[in-house]
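Q: Would you mind keeping the following structure in view while I ask a few things?
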């Protein structure tokens, strides 16, 4: 009984159509170095493969190369967070550009991360990316020797390569943006000293506010600061009223993040104060709603997509593994005005 056809073109089919040997076809289609196949013959082989819609068998290629062309991406609440979608997009796009696919798993705690890592290493992924929603220090899971691991938006206690936003520079840039526009009576809503002091909760918040304080100190400006234990619109709303009741001459407010800024906008509207015209507002993160606020919110953008791209490059050996900090571009909109 003959072998049952799958209908999928084989290497032999391409060789027959091109009038070449299977060995020559294999060398050309797999881009093997040292091939003595002429340019004309290589062209005929590729044209035959295209005409037949030939696609190499991924399993066979994996056996030959010792790789699966698969990246494991372990998400710690990234896939379920609307404003971190850039990280997912960056991972998928960078992987695709390098001929890889992505095996993705959503997790919620340290145990889940370890379980996901085991499942992915069982499937022989070529490396692991661990993306964190809260930029904190984690204990990375044990993996087979030689398997690369890169942390996105966080750090590991084992010192794995990682990619983080440069929060220190961003904090300084945000404060300097206000100073350059003449603001000297500035309020800050959102410093989180308790969280900032614990790397298991955050490795970036302390840097964000250190950058703000450094810029203000250089300008000899003593800002009014409200220390909190969490961020959110209600907190921004409540503490705007509190701060302006105590310090009515404030001309600008720095929000800990965009959700705090949203609450600030509501409080200013309730006080019949116009954003920018009466009090300038500036923030961090660049959530989706920052652009549709009226006026649009000036904010330092978290570079989720760039972090992901750099992480994939590290994982695949296209970039030197390191502890990398990426710029947070300041997105200038209409929420900051010059002091007249």
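The values are calculated or read from the model by the stated rules, or taken from the named source; none is laboratory data. Computed from a prediction, not measured in an experiment: that's the story for all the values here. Counting neighbours? That spans all protein chains shown, and the Cβs are built from the backbone with ideal geometry, glycine included.
Q: Kindly provide the set of residues from segment 236-256 that are farther than 22 Å from residue 165 by Cβ, assigned to a helix (DSSP H, G or I) and touching a helix residue (DSSP H, G or I) at 6+ places or on another chain (Cβ under 9 Å), ordered by number.
A: Scanning segment 236-256 gives 237, 238, 239, 240, 241, 244.
Q: Within segment 121-135, take every residue that is modelled with pLDDT of 90 or more and not in a strand (DSSP E or B) and give me the one that is nearest to residue 307 (Cα to Cα).
A: Per the stated criteria, the residue is 135.
Q: List the strands (runs of 3 or more DSSP E) that sit entirely inside segment 257-340 and contain at least 3 residues that are in contact with a strand residue (DSSP E or B) (Cβ under 7 Å, 6 or more places away or on another chain) and farther than 24 Å from residue 240 by Cα.
A: The qualifying strands (runs of 3 or more DSSP E) are 323-326.
Q: Could you say whether any residue in segment 170-179 is assigned to a loop (DSSP other than H, G, I, E, B) and in contact (Cβ under 8 Å) with a residue 24 or more places away in the chain?
A: No - not one qualifying residue is present in segment 170-179.
Q: Something else now. In segment 310-340, which residues are buried (at least 22 other Cβ atoms within 10 Å of the Cβ) and within 20 Å of residue 159 (Cα to Cα)?
A: 310, 311, 312, 314, 315
Q: Please go through segment 260-282 and give me each residue that is more than 14 Å from residue 334 (Cβ to Cβ), buried (at least 21 other Cβ atoms within 10 Å of the Cβ), within 30 Å of the chain's Cα centre (by Cα) and free of Cβ contacts under 8 Å to residues at least 60 places away in the same chain, ordered by number.
A: Those that are more than 14 Å from residue 334 (Cβ to Cβ), buried (at least 21 other Cβ atoms within 10 Å of the Cβ), within 30 Å of the chain's Cα centre (by Cα) and free of Cβ contacts under 8 Å to residues at least 60 places away in the same chain: 262, 263.
Q: Continuing with the same structure: Within segment 210-227, track down each residue that is farther than 12 Å from residue 178 by Cα and outside any loop (DSSP other than H, G, I, E, B).
A: 210, 211, 213, 214, 217, 218, 224, 225, 226, 227
Q: I would also like to ask the following. Kindly indicate whether residue 230 is surrounded by fewer than 22 Cβ atoms within 10 Å (Cβ to Cβ) and not in a helix (DSSP H, G or I).
A: In short, yes.
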